[in-house]
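A short write-up of the structure that comes next.
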Amino acid sequence: RFDAAMTLTKKHYQRLWFPEPGTGGDIPSRAEHGMTKEEFDRHMPKELWREVVDRVAEEVPDTLLLAEAFWLMESYFVRTLGMHRVYNSAFMNMLKNEENDKFRASLKNTLAFNPEILKRFVNFMNNPDEETAVVQFGKGDKYFGVCTMMVTLPGLPMFGHGQVEGFAEKYGMEYRKAYWNEVPDEELIRRHEREIFPLMRRRYLFAEVENFLLYDFEAPEGYVNENVFAYSNRVGKERGLVVYNNKFEYARGWLRRSVPFSVKTGAGEERTLVTRTLAEGLDIPDDPNCFLIFRDQVSGLEFIRNCQDLHRNGLYVELGAFKYQVFLDFREEWDDEPGHYRRLHDELNGRGVPDMEEALRETYLRPLHQAFTPLAEANRLQQLAEFRQSENPAAVEVWLNEVVGQYRYLAETVRHFAGSERDPESVVEKFRAEVGALLRLPRSLESFRPPASRKSGWMVKQLQRHLVENPLERPVMWAWALLRHLGELVSETDAAAVSRSWLDEWLLGKILWRKFQEFGLSEVQSGRAVQIVGLLIQLDGWWESNGAKHQQPYRVLHRLLELTEVQSFLGVNHYQGVLWFHRESFLEWLDWLLELAALDALSEEVDPEKRRKVLLERYDILRRWERALEPSGYQVESLLNLVRGRVPRTQSNGSK
């Protein structure tokens, strides 16, 4: 490392000790030793650093030479003196002072002379002679915008001591320890982890210059906005595009063509200037049926652009003060005959989305979503609550007919999407019966409780508590009723599995999650509610079991605990060789299973006494599980053994 290398030996040795005649010199006593430049050149024909570089190359060729050369002499050291690397002070100083036109000019001049020189620059935001990065650039968008440039430009990025942690103390070369009592800024570190470190893991994409292009940012008014830095790089088909606005003002404009850069003509060392379009820099086909999809590292959003439009018009970008975008993960998609990508492109109109494939599915599924969404609206959930308490049977019937009419349209749409020939009317009638049972349930509880039965009283109290205290009950059971029988339109044997799969495949769960929040649930509650909907769809007839009746509680529990969604809901986890489950989730699960059993009993056309008897049999199963809960120590194997009637092995204490 050559310290203060910009004090060129030849130039300053003559200036100080052998000044040219007539200049007087900086040291009065040396004036009488003046020497003309021609005479001095005879005595010292070469710059000392040039001699050092040549000797090192000959005698120790594996040595890397790194020069500290400021005062805008960096290019001279790599062009003329042959240094392998040189600290690029212009990067720090010009970007800090927002002398953006000057820094762009330095980049353009280097590209015009020889782009390979960019690889020799060491870009940094602080060094031991300067204030720390956090003092010079702050901790906000400007810091991260410049830091993004540092790790995505060709050359070598260099972080200063304490830069990532946000330390403000300036460390001198002689320091043996810190004098300020500073602690790492955890939020600053996390933002580095989110935005900077992923880019550093892709240095291979940004480090070379063979495909590096610097673009002009053309404002709509026709001038080049020098405050915006935009450049791309490419390795094979992997591409990156960086855009940063280093000014406290809004910027909008087009990326169309690169600045000139030199390439070899093939005739020796002769070079010529050329430019490339953005589309050429990204290496995309000029085809109206091809669409380019890419992701912004900063926001995480994905964007879609038509490839032919990029060839004709370039890329339009808008950036706020000190904002930046790093576009990665480019891929080309060819449109199909119905034109789904074209439709998605036109609908988004430049906007980004979290997942382009999901957005494409939403475009394809729009007719289905338009049929499903009215039934999932928050007002339907509110109406369910109101009509559960209504004393006006005629009004309830009118509302039920309206809802069933919407559901019939949904069933027809589902049948069309699934390519089924089945008559949807049986599914519609089952939905009517399901909703009827949901409406009657609160007022039918007393019919399950004869005066002399304590067990019936416990069961009714548990149901009442669940209906009143669980805020997820109405949203979950309404969505369950909507989805439960739809799978029967394509399969009788696997109807529940089909209905459950559509929750994800057809993005119906996403609609429910959004509508549950409109109803008043939090994001977390809404996610939990969607999870429970998927779980309950698969638990139709949960009480069914083959074999002896006294073994029914064990057989049913064993079968249900094998289901992945049940394990997920109960928080089943493996710890120190034992399978544990979550106590509170298990108790909540029992409430949901009891409501399913009650709704099934209400939908049966039987006399009240027989209905009560059937429900009590199912309640007995749940009571058997609940009595084994605490003795099991919340261990899966112990729970199963206790329900089966076996004495469990010695258990650990506590819950997991």
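The values are calculated or read from the model by the stated rules, or taken from the named source; none is laboratory data. These numbers come from a predicted model, not from an experiment. Don't worry about glycine lacking a Cβ; one is built from the backbone with ideal geometry, like all the others, and counts go over all protein chains shown. Calculation scope for accessible area: heavy atoms of the full protein, side chains included, ligands and nucleic acids excluded. Shrake-Rupley method; radii C 1.70, N 1.55, O 1.52, S 1.80 Å.
A Cβ distance below 8 Å, combined with a sequence gap of six or more or placement on separate chains, defines the contacts here; from segment 260-283, residues that are more than 17 Å from residue 235 (Cα to Cα) reach residues that are outside any strand (DSSP E or B) and open to solvent by 70 Å² or more (accessible area, probe 1.4 Å) in the pairs 262/113; 264/270. In summary, strands (runs of 3 or more DSSP E) completely within segment 228-287 and bearing 2 or more residues that are basic (Lys, Arg) and open to solvent by 60 Å² or more (accessible area, probe 1.4 Å) occur at 251-258. Restricted to segment 556-568, and to residues there that are farther than 17 Å from residue 628 by Cα and among the aliphatic types (A, V, I, L, M), the residue that is surrounded by the most Cβ atoms within 10 Å (Cβ to Cβ) is 566.
The residue that is farthest from residue 233 (Cα to Cα), counting only those in segment 173-185 that are open to solvent by less than 90 Å² (accessible area, probe 1.4 Å) and of a type in the set (Asp, Glu), is 182. Checked against the criterion of being of a type in the set (Lys, Arg), assigned to a helix (DSSP H, G or I), under 29 Å from residue 495 (Cα atoms) and open to solvent by 90 Å² or more (accessible area, probe 1.4 Å), the candidates 440, 408 yield just one match: 440.
For segment 496-596, which helices (runs of 4 or more DSSP H) that fit wholly inside it have 2 or more residues that are within 26 Å of residue 445 (Cα to Cα)? Can you show your working first?
Values: elements: 508-519, 523-537, 552-561, 564-570.
Fully inside segment 496-596 and qualifying: 523-537, 552-561.
Condition first: under 18 Å from residue 161 (Cα atoms), open to solvent by less than 20 Å² (accessible area, probe 1.4 Å) and touching a Gly at 6+ places or on another chain (Cβ under 9 Å). Now tell me which residues in segment 186-209 satisfy that. First the steps, then the outcome.
Applying the first criterion (under 18 Å from residue 161 (Cα atoms)) to segment 186-209 yields 186-193, 196-197, 200.
With open to solvent by less than 20 Å² (accessible area, probe 1.4 Å) added as a condition, the list becomes 188, 192, 196.
Once the filter is applied, which keeps residues that are under 18 Å from residue 161 (Cα atoms), open to solvent by less than 20 Å² (accessible area, probe 1.4 Å) and touching a Gly at 6+ places or on another chain (Cβ under 9 Å), segment 186-209 yields only 188.
The sole residue among 571, 541, 547, 509 that is surrounded by fewer than 16 Cβ atoms within 10 Å (Cβ to Cβ) and under 27 Å from the mean Cα position of the chain (by Cα) is 571. On inspection, residue 90 fails the criterion of being free of Cβ contacts under 8 Å to residues at least 12 places away in the same chain, open to solvent by less than 40 Å² (accessible area, probe 1.4 Å), under 28 Å from residue 322 (Cβ atoms) and out of contact with any Lys or Arg (no Cβ under 7 Å at 6 or more places or on another chain). Counting only residues that are surrounded by fewer than 17 Cβ atoms within 10 Å (Cβ to Cβ) and either at pLDDT below 90 or within 14 Å of residue 510 (Cβ to Cβ) (or both), segment 384-403 holds 8 of them. Residues in segment 116-123 include at least one that is charged (D, E, K, R), surrounded by 22 or more Cβ atoms within 10 Å (Cβ to Cβ), touching a residue at least 24 places away in the same chain (Cβ under 8 Å) and touching a Lys or Arg at 6+ places or on another chain (Cβ under 7 Å). Six or more apart or on different chains, Cβ under 6 Å: which pairs go from a residue in segment 161-188 that's part of a loop (DSSP other than H, G, I, E, B) to one that's modelled with pLDDT under 85 and open to solvent by 30 Å² or more (accessible area, probe 1.4 Å)? Could you list them? So the pair list comes out as 161/171; 171/128; 173/128. Of the residues 225, 181, which single one is in contact with a strand residue (DSSP E or B) (Cβ under 8 Å, 6 or more places away or on another chain), over 16 Å from residue 241 (Cα atoms) and not acidic (Asp, Glu)? Criteria check complete, one pass: 225. Here residue 493 passes the criteria (1) outside any helix (DSSP H, G or I); (2) surrounded by 18 or more Cβ atoms within 10 Å (Cβ to Cβ) except the one numbered (2).
Based on this model, can you work out whether residue 321 counts as within 13 Å of residue 241 (Cβ to Cβ) and touching a residue at least 12 places away in the same chain (Cβ under 8 Å)?
Numbers: within 13 Å of residue 241 (Cβ to Cβ): no; touching a residue at least 12 places away in the same chain (Cβ under 8 Å): yes.
No: the conditions fail for residue 321.
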